[in-house]
Amino acid sequence: MKTRLSPITRAGLALSATLALAGTALAAPELPAELPPFGKDKPLVVPKITQTTLPNGLQVWVVPRNGIPRVDFVLAVRGAGLGADAPDAPGRAKLLAGLLSEGTATRSSRQIAEAAQAMGGGVGAAASNDGIRISANALASRAGDMMQLLADVARRPAFPEGEVQLAKANALQGLKASGAQPGFRAAKALDGAIYGDHAYGRTQETEAAITALTAEGLRAEHARRFRPDHALLVITGRIDAAKATQLAREAFGDWKATGEPLPELAAPPATMPVQRLLLERPGSVQATLRLGRPGMAASGDEQVALRLTSAILGTGFSSRVNINLREEKGYTYGARAGGVSWRVGGAITGGADVRNEVTGAAMTEYLKEYRRIGTEPVPEAEMAMNKRYMAGSYLVSTQLQGSLGQQLAGNWLVGLPADFLGKFVPALQKVTAAEVQAVGKKYFNPDEQSWVVVGDAEKIGEQLKAFGEFKVVKP
Amino acid sequence: MIQTTRRAVLGALGAAALALTSGPSFAAPAAAARADRWDVPVHVKKLDNGLTVIISPDPSSPTVGISVVYKVGMRLEPRNRTGFAHLFEHLMFQGTPKAPKGVFDKVITSGGGNNNGSTRADFTNYIETAPSSALDAMLWLEADRMTTLDFNAATLKNQQDVVKEEIRVNVQNQPYGGFMWIDIGGLAFDKWENKHDGYGSFVDLENANLDDVRAFHRDFYGPNNAVLSIAGDVTPAQGFALAQKYFGKIPARPTPKPTDFSEGLNTAERRLTQSDKLAQVPAIAAAWKLPERGSRDQAPFAVLGQLLAGGDASRLYQGLVKGRELALNVSSFYGLTSIWEYDGPTLFTLFALYKPTTNADVLLGAIDEEVARIVKDGVDDATLKNLKTALLADWYNDLEMFLRRADRLAKLQALWGDASVVNKVPGWIESVTSADVQRVAATYLTRANRSVIDRKPAAMLAAPAAAKAASQP
């Protein structure tokens with residue numbers, strides 16, 4: 001439903017928050033003789049986290065910072081996300097999250113919005129596969145007020161009838177609007193091919209699931225999913241640790257769990273049969289190409305190696321697929337590939353949007369790059385460059401207090417320890433070219449990738465034939 | 001209070017380093033208001049070749065953000081070369097005689113950094129961020145491409161292809177196709193500089209040649225037409241010395257005579273209905289011409305924009321999405337930049353997807369009602385205070401990342417001739433009164449000054465026409 005308005009840029013890359021990854025040039029150009037060398041790197045800064053567990057099980061982590069006059073909060077509730085949605089209710093967690101701030105026992109939706117504005121901040125929730133994250137921020141002087149508002153939204157949402165009906169009506173229209181975007185349709189089909197029947201594979205809402213939603217059902221889901229012993233509160237910014245912990249105690253200390261905790265999700269299949277789908281989109285001026293296969297859980301042994309492999313192969317301006325398909329061939333505005341990891345499983349995905357005439361040629365280049373990463377060791381210089389890149393990205397991303405909080409909460413939701421962030425760069429330095437090649441061979445094997453192509457069958461159908469039989473799916 | 005000085009006048013001021021603030025204060029403040037104030041250190045110096053250099057030190061992270069802003073954008077591209085300013089921006093990454101294609105990205109990646117560029121109506125910016133150990137190398141690269149480019153037919157062809165794919169993926173293959181920023185400008189403005197499609201026509205893009213590239217670089221990419229800004233792990237003395245070392249020898253180059261692209265407010269409403277082959281849900285864009293940069297109406301408009309469309313507490317969200325339940329969402333924007341980052345005719349645009357059960361006239365009627373209420377009653381003290389708090393917080397939020405801090409300072413210097421506007425905006429916002437908001441709403445948010453595009457799914461437009469035809473004998 002969001003409108004992205006970042007056109008006219010060199011690439012639609014988010015330069016901000018996340019631990020982004022990127023790679024290197026194929027035919028490594030000679031560096032100019034005059035180019036000044038890099039200076040000496042400063043010692044790595046590791047975030048100091050003050051950790052407390054309240055008697056009700058809620059974990060509270062505080063990272064004080066002397067940055068801008070703002071305090072950031074993330075309340076992460078594990079197991080409350082899309083993974084907990086029933087097979088007939090895909091995407092429910094999204095609506096559950098969205099409606100948390102649409103009214104509580106004592107505040108209307110409007111009062112919540114106005115209160116947040118008065119604090120110079122905001123409060124809102126979003127669902128991911130492994131949890132729901134409520135994020136909030138406020139000017140430093142209003143940290144206590146925002147903590148109270150956050151607790152109200154998390155603990156006492158009312159799901160007022162009128163708000164639920166409005167959210168349903170808008171979600172139905174929103175689903176129609178999203179369905180017009182080729183990327184949205186491709187993502188849904190690719191998730192199905194990668195995860196099969198697993199909950200990770202059906203995270204997009206359906207018309208039937210939205211229609212079936214009730215306020216009562218949402219209240220029941222909230223009670224079932226939200227509990228202090230499955231939650232983490234991260235506070236970052238201009239506040240000291242003792243004060244922040246005290247505020248957390250006041251707002252969340254009497255929060256009690258009810259009933260049994262939800263069971264952990266089972267892991268999705270480690271391999272899946274290859275699918276080839278052509279989602280018809282008559283009149284499309286590009287082919288939206290996506291490929292993928294099952295990936296690695298976040299706590300997998302080769303997690304750091306997978307991230308490095310993804311960087312080399314497919315994230316950022318100078319990754320192999322982008323250099324090849326964009327900078328050398330001019331097929332696309334941007335090409336990417338890499339792994340995404342969740343608590344009990346993950347996905348390897350890649351893709352580019354290309355003009356119709358080069359559909360087959362672009363697919364060929366993808367398969368070539370996927371094969372190469374698993375069969376040829378990455379040259380030492382390319383390894384070193386990407387390690388430096390990822391170490392730098394760590395420093396840049398932790399510059400932002402909000403991003404630091406989100407990374408800590410995100411890691412916790414997927415089962416990574418609190419010190420993963422601080423230990424990431426040293427672990428990265430130890431990854432060898434042989435390990436990258438092994439990860440490449442296992443996860444980027446071109447013969448195991450499913451293909452999803454959204455486009456005009458008349459224009460591109462012939463070019464797909466070389467890649468096997470494609471099942472045609474009507475809009 | 002808002003200065004209207006143009007950059008030509010301010011150039012004279014820039015000769016000396018202006019240390020305007022002493023930097024952020026971390027001392028535990030007694031009063032809440034003080035706890036929420038934050039000043040950005042701004043040090044400015046102009047090199048002999050006309051390059052303005054800004055340094056904003058912050059030792060809290062061992063990283064830097066760099067922005068080089070050139071005072072040229074889509075307004076100044078040649079007449080039969082729509083989209084050229086943006087195509088040129090792509091070519092800035094395609095190599096130089098000393099650093100051939102591939103070197104730029106390789107060096108910044110190896111330095112642990114990221115880079116990007118973007119083209120707007122009044123400026124083009126080039127940004128990179130990395131650990132401070134890569135500062136020298138990044139500055140060398142920026143200076144190298146300011147000096148000259150590798151004017152090369154192969155890279156031109158490659159980026160013509162890439163830009164066409166960018167337009168396909170962002171415009172032609174998407175529902176709504178960017179009508180809320182491309183087509184609305186074509187409707188609302190009169191002068192070619194302001195109204196043409198800055199993404200460009202494929203014909204114009206394909207016609208671009210190496211002579212165009214050379215001329216554009218020569219005319220608009222000299223040091224005297226640029227601002228270099230560095231924020232983060234750098235001291236003013238160090239930053240100025242590095243700027244002199246890498247950029248000091250680039251000669252100034254004459255810039256073309258300024259064009260007058262100003263135009264007044266519109267005097268009659270402009271309406272257009274468009275058919276969208278890909279969209280499934282109708283949408284509307286309503287836009288009003290904004291006050292000029294530096295006008296006393298600019299800060300009140302910032303407050304007005306927040307009141308009307310700034311998030312979930314806003315009048316239009318509460319009145320159109322909630323309340324009347326007509327729209328699925330309401331978003332607003334100031335051109336493709338922000339209320340403080342333009343220097344020529346620019347639009348305040350509302351964009352909404354609306355329910356098929358209503359129509360554009362009902363939506364516009366509801367917007368008019370909300371505007372009329374502001375014109376009549378103004379805004380109460382408590383709400384006004386909240387709006388100012390929200391604007392202040394947003395202003396700080398956008399300055400948190402070193403990269404964005406450097407970029408904002410560079411843009412303010414380029415557009416206002418004064419990077420220290422960064423520390424003046426909070427005061428300007430603070431001084432806005434309810435009467436100011438009323439005046440500005442009555443002056444700019446008029447029907448006469450409004451341009452509207454109603455964008456409907458093709459099937460929706462076809463349906464009533466078919467029904468009408470069928471009902472005729």
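The values are calculated or read from the model by the stated rules, or taken from the named source; none is laboratory data. Just so we're clear, the structure is a prediction, and the values are computed from it rather than from any experiment. When we count neighbours, we look across all protein chains shown, and the Cβ atoms used for this are built from the backbone with ideal geometry, even at glycine.
Counting just the residues of the range B:263-293 that are basic (Lys, Arg) and more than 13 Å from every other protein chain (Cβ to nearest Cβ), which one comes out nearest to A:LYS176 (Cα to Cα)?
B:ARG271
Considering only residues of the range A:96-111 that are of a type in the set (A, V, I, L, M) and crowded, with 24+ Cβ neighbours inside 10 Å, which is farthest from B:LEU308 (Cα to Cα)?
A:LEU96
Considering only the range A:188-244, state which residues are touching a strand residue (DSSP E or B) at 6+ places or on another chain (Cβ under 8 Å) and either among the β-branched types (Val, Ile, Thr) or in a loop (DSSP other than H, G, I, E, B) (or both).
Scanning the range A:188-244 gives A:ILE194, A:PHE226, A:ARG227, A:VAL234, A:ILE235, A:THR236, A:ARG238, A:ILE239, A:ASP240.
Do we find that A:ARG65 is in contact with a Phe, Trp or Tyr (Cβ under 8 Å, 6 or more places away or on another chain) and within 18 Å of A:SER397 (Cβ to Cβ) in this structure?
no
Condition check ((1) surrounded by fewer than 20 Cβ atoms within 10 Å (Cβ to Cβ); (2) at pLDDT below 95; (3) in contact with a Leu (Cβ under 6 Å, 6 or more places away or on another chain); (4) closer than 29 Å to B:MET74 by Cβ) across all residues:
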{"residue": "B:LEU278", "(1), (2), (3), (4)": "yes, yes, no, yes"}
{"residue": "B:LEU308", "(1), (2), (3), (4)": "no, no, yes, yes"}
{"residue": "B:PHE348", "(1), (2), (3), (4)": "no, no, yes, yes"}
{"residue": "B:ASN359", "(1), (2), (3), (4)": "yes, no, no, no"}
{"residue": "B:LEU364", "(1), (2), (3), (4)": "yes, no, no, yes"}
{"residue": "B:ASP381", "(1), (2), (3), (4)": "yes, no, no, no"}
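Would you confirm whether any residue within the range A:138-147 is in a helix (DSSP H, G or I), among the hydroxyl-bearing types (Ser, Thr, Tyr) and over 30 Å from A:ASN356 (Cα atoms)?
Checked against the condition, which is being in a helix (DSSP H, G or I), among the hydroxyl-bearing types (Ser, Thr, Tyr) and over 30 Å from A:ASN356 (Cα atoms), the range A:138-147 yields at least one hit.
Could you look through the range A:40-61, keep only residues that are closer than 26 Å to A:HIS222 by Cβ and surrounded by 14 or more Cβ atoms within 10 Å (Cβ to Cβ), and pick out the one that is nearest to the other protein chains (Cβ to nearest Cβ)?
Looking at the filtered set, the residue picked out is A:TRP61.
Look through the range B:106-120, keep the residues that are surrounded by fewer than 24 Cβ atoms within 10 Å (Cβ to Cβ) and either among the aliphatic types (A, V, I, L, M) or touching a strand residue (DSSP E or B) at 6+ places or on another chain (Cβ under 8 Å) (or both), and return whichever of them is nearest to B:GLY186 (Cα to Cα).
Among residues in the range B:106-120 that are surrounded by fewer than 24 Cβ atoms within 10 Å (Cβ to Cβ) and either among the aliphatic types (A, V, I, L, M) or touching a strand residue (DSSP E or B) at 6+ places or on another chain (Cβ under 8 Å) (or both), the one nearest to B:GLY186 (Cα to Cα) is B:SER118.
Within the range A:58-87, can you find the residues that are farther than 30 Å from B:PRO57 by Cα, assigned to a loop (DSSP other than H, G, I, E, B) and not aliphatic (A, V, I, L, M)? Don't jump to the end; show me each part of the working.
From the range A:58-87, those farther than 30 Å from B:PRO57 by Cα are A:58-60, A:75-87; that's our starting set.
Those left that are additionally assigned to a loop (DSSP other than H, G, I, E, B): A:58, A:79-81, A:85-87.
Listed by number, the residues that qualify are A:GLY79, A:GLY81, A:ASP85, A:PRO87.
Answer yes if at least one residue in the range A:434-452 is hydroxyl-bearing (Ser, Thr, Tyr), in the same structural domain as A:GLY300 (by TED's automatic domain parsing) and under 30 Å from A:GLY122 (Cβ atoms), and no otherwise. Outline the logic, then answer.
Our first condition is that a residue be hydroxyl-bearing (Ser, Thr, Tyr); within the range A:434-452, this holds for A:443, A:450.
Then drop every residue that is not in the same structural domain as A:GLY300 (by TED's automatic domain parsing), which leaves A:443, A:450.
Still in the list and also under 30 Å from A:GLY122 (Cβ atoms): none.
No, there is no match, as no residue in the range A:434-452 is hydroxyl-bearing (Ser, Thr, Tyr), in the same structural domain as A:GLY300 (by TED's automatic domain parsing) and under 30 Å from A:GLY122 (Cβ atoms).
So A:ALA126 passes all but one of these: (1) assigned to a helix (DSSP H, G or I); (2) in contact (Cβ under 8 Å) with a residue 24 or more places away in the chain; (3) surrounded by fewer than 21 Cβ atoms within 10 Å (Cβ to Cβ); (4) more than 8 Å from chain B (Cβ to nearest Cβ). Which condition number does it fail?
Failing condition for A:ALA126: (1).
Could you please let me know if A:LEU247 is at pLDDT 95 or above and closer than 30 Å to A:PRO263 by Cβ?
no
When you scan the range B:254-271, do you find a residue that is in contact with a helix residue (DSSP H, G or I) (Cβ under 6 Å, 6 or more places away or on another chain), crowded, with 16+ Cβ neighbours inside 10 Å, charged (D, E, K, R) and in a loop (DSSP other than H, G, I, E, B), even just one?
No, the conditions are met nowhere in the range B:254-271.
Can you list residue pairs whose Cβ atoms sit under 9 Å apart, with the first residue in the range A:258-269 being on the phi > 0 side of the Ramachandran plot and the second being of a type outside the set (D, E, K, R)? Count only pairs 6 or more apart in sequence or on different chains.
A:GLY259/A:ALA223
I'd like to check which helices (runs of 4 or more DSSP H) are fully inside the range B:334-426 and have at least 3 residues that are more than 9 Å from chain A (Cβ to nearest Cβ), closer than 22 Å to B:THR119 by Cα and not charged (D, E, K, R).
On the way: elements: B:360-377, B:381-397, B:402-416.
Ranges flagged: B:402-416.
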